[in-house]
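The values are calculated or read from the model by the stated rules, or taken from the named source; none is laboratory data. What you see is a predicted model; the values in this text were computed from it and never measured. Cβ atoms come from the backbone with ideal geometry, glycine included; neighbour counts cover every protein chain shown.
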Amino acid sequence: MNYLTKKEKGIFSTVMLMSIVSTIMATALSAGIPSIMTYFHISAGSAQWVTSLYSLVSGIMILITAFIIKRFPTRPTFLIGAGTFTIGTLIGAIAPTYSLLIIGRLLQGTGNGLVLALTQVIILKIFPKNKQGFGMGLYGLAVGLTPVIAPFLAGILIDIAGWRLIFYVVLIFCALDLIAALLFMDNILEKENSSFDISSVVYAAIGFTGVIYGLGNIGNYSITDWRTGLSLAMGVVFLVIFYKKQLKMQAPLLNVRTFKNKKFTISVLISFLLYAILNGTTTVLPIYMQSVQEQSATDYGLVMMPAALLIGFLSPIAGNIYDKYGMRILGLIGSFALVIFALMASLVSTKTNFLYIIVTTIFQGIGVAALMTPIMTWGLKQVPQSLVTDGTAIINCLRTIGGALGSAIFAAIITLISSSATITGIKASFIAMAFITLFLFIIALFFIKNDQPKVSE
């Protein structure tokens, strides 16, 4: 990278390190959910918040990072994002109660949402135009591989000294990155006096949180309890208010008019459900393996590794298939593979062997590789160029929220069946996934076509 100055290389290394660290924490704690359940004496429905809250807050932050990046200087913005993540990591490492652990994860999710969005903009700024693809490729490779290896590495750390060790190891890298940021980070992005509607953020935050909190508590409280029914109803009401407000605004926080395009809406729905299934699996599977089968956290990481590596191998192949044959074949293959995964997962027992679980997760890996990036590309090709930025923000926001919702719902099903993790609850959760994957297949069968329409500017 001789085309970058020494200062620019320092900035690139700084933002990449924090992006890798924050991305690791998106999936690392999935291996620790059973240990956290035991340590704090809580149900699966409560424990899932260590993963779903991270996704929820990161998704909400996507709504406001575009404004923050334009309005405030680069250096303090990055330091605040990285610092917030670091403080959250420290709180998570020493948290004596589950409530404090949740506060730590909330701060981590806030920092993660800000850092990831800022990193992409910085890379595009410091790399020459003819090298921006290379720079973003390095970024995509790094943040794409870290979730693959995170459960395995986290499993080893948990088996060595418990789930808190994950936070302590990450804290070391956070400290190193803050030092690097103080040395290298500069105000390299131009500022704009852009407007910002705080009420839209409040409506969206209350709406998404209310829905996910209400659904996540179904297994812990009755539907008439304020923590379930009322929370869910309030969330729906505020999301409706948010949606209607965006329609009336000249410069909306999210341009929901993009949903007028039917195919774009289908792509958002598929992305939303795909992330719900993916995050639901990383919540339910470790509970099954560690609490029901009494395997180690490292065993869980090893089981997930083949599928994760397969996603990395198949993703560029899926991109080539999309370019040559369109989205329909990928939609059918991907959704059908997910159906097979969920059906196989619903047949697990207390004695199911490793090979069966690995094969099961491999089918999910095929589905994720076929759908994750191609469906986003297909959806964005359906909207006018002037709405691509808004469409990207919508998909990134809602699929992240979908991941949080998946963790909450599928963990709640386990708790609804029994206060402790049982094979009956696990199977019920996977059966629910099977119905959603079947719905995905029906969507792909009837609504994804191979046409490549010309988009008006």
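So which residues in segment 374-390 are in contact with a helix residue (DSSP H, G or I) (Cβ under 6 Å, 6 or more places away or on another chain) and of a type in the set (Val, Ile, Thr)?
Matches in segment 374-390: Ile375, Val383, Val388.
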Answer from Ile87, Ile80, Ile64, Ile103 - the residue that is surrounded by fewer than 24 Cβ atoms within 10 Å (Cβ to Cβ), modelled with pLDDT of 90 or more and within 22 Å of Ile188 (Cα to Cα) = Ile80
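Quick check on Lys129: is it more than 21 Å from Cys174 (Cα to Cα), basic (Lys, Arg) and free of Cβ contacts under 8 Å to residues at least 12 places away in the same chain? Working first, answer last.
Details: more than 21 Å from Cys174 (Cα to Cα): yes; basic (Lys, Arg): yes; free of Cβ contacts under 8 Å to residues at least 12 places away in the same chain: yes.
Here the answer is yes, as Lys129 does meet what is asked.
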Would you please name the residue that is farthest from Ile94 (Cα to Cα), looking only at residues in segment 158-187 that are free of Cβ contacts under 8 Å to residues at least 60 places away in the same chain and of a type outside the set (Val, Ile, Thr)?
-> Ala161
For Ser30, which of the numbered conditions (1) in contact with a Pro (Cβ under 6 Å, 6 or more places away or on another chain); (2) surrounded by fewer than 24 Cβ atoms within 10 Å (Cβ to Cβ) fails to hold?
-> (2)
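Against the definition (in a helix (DSSP H, G or I) and farther than 30 Å from Val388 by Cα), how does Gly229 come out, yes or no?
Details: in a helix (DSSP H, G or I): yes; farther than 30 Å from Val388 by Cα: yes.
So Gly229 passes the test.
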For segment 228-245, the count of residues that are within 24 Å of the chain's Cα centre (by Cα) and either farther than 27 Å from Phe410 by Cα or at pLDDT below 80 (or both) equals 0
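From the list Asn220, Asn279, pick out the single residue that is of a type in the set (S, T, N, Q), in contact (Cβ under 8 Å) with a residue 40 or more places away in the chain and not in a helix (DSSP H, G or I).
On the way: Asn279 fails: not in a helix (DSSP H, G or I).
Sole residue among the options that is of a type in the set (S, T, N, Q), in contact (Cβ under 8 Å) with a residue 40 or more places away in the chain and not in a helix (DSSP H, G or I): Asn220.
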Where a residue in segment 422-437 is free of Cβ contacts under 8 Å to residues at least 60 places away in the same chain and its partner, wherever it lies, is of a type outside the set (A, V, I, L, M) and surrounded by 19 or more Cβ atoms within 10 Å (Cβ to Cβ), with Cβ under 9 Å and at least six apart = Ala432/Gly280; Ala432/Phe410
Within segment 319-346, how many residues are over 18 Å from Leu278 (Cα atoms) and either surrounded by fewer than 19 Cβ atoms within 10 Å (Cβ to Cβ) or free of Cβ contacts under 8 Å to residues at least 60 places away in the same chain (or both)?
-> 10
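Quick one: how many residues across segment 322-360 are in a helix (DSSP H, G or I) and among the small types (Gly, Ala, Ser)?
The initial filter retains those residues of segment 322-360 that are in a helix (DSSP H, G or I), namely 322-325, 327-345, 354-360.
Then keep just the ones that are among the small types (Gly, Ala, Ser); that gives 331, 334-335, 337, 342, 345.
Looking only at that region, the number is 6.
Residues Leu285, Leu269, Leu274: which one is in a helix (DSSP H, G or I) and over 29 Å from Val388 (Cβ atoms)?
Working: Leu269 fails: over 29 Å from Val388 (Cβ atoms); Leu274 fails: over 29 Å from Val388 (Cβ atoms).
Result of the check over Leu285, Leu269, Leu274: Leu285.
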Go through Met305, Met376 for me and flag whichever is closer than 15 Å to Leu274 by Cα and either within 22 Å of the chain's Cα centre (by Cα) or aromatic (Phe, Trp, Tyr) (or both).
-> Met376
Kindly list the number of the only condition in (1) closer than 30 Å to Gly331 by Cβ; (2) surrounded by 18 or more Cβ atoms within 10 Å (Cβ to Cβ); (3) assigned by TED's automatic domain parsing to the domain that holds Ser420 that fails for Ile287.
-> (1)
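To keep it simple, each residue is scored yes or no on (1) small (Gly, Ala, Ser); (2) under 30 Å from Val292 (Cα atoms); (3) in contact with a Cys (Cβ under 8 Å, 6 or more places away or on another chain); (4) crowded, with 24+ Cβ neighbours inside 10 Å.
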site	(1), (2), (3), (4)
Val359	no, yes, no, no
Ala408	yes, yes, no, yes
Ala411	yes, yes, no, yes
Ser420	yes, yes, no, no
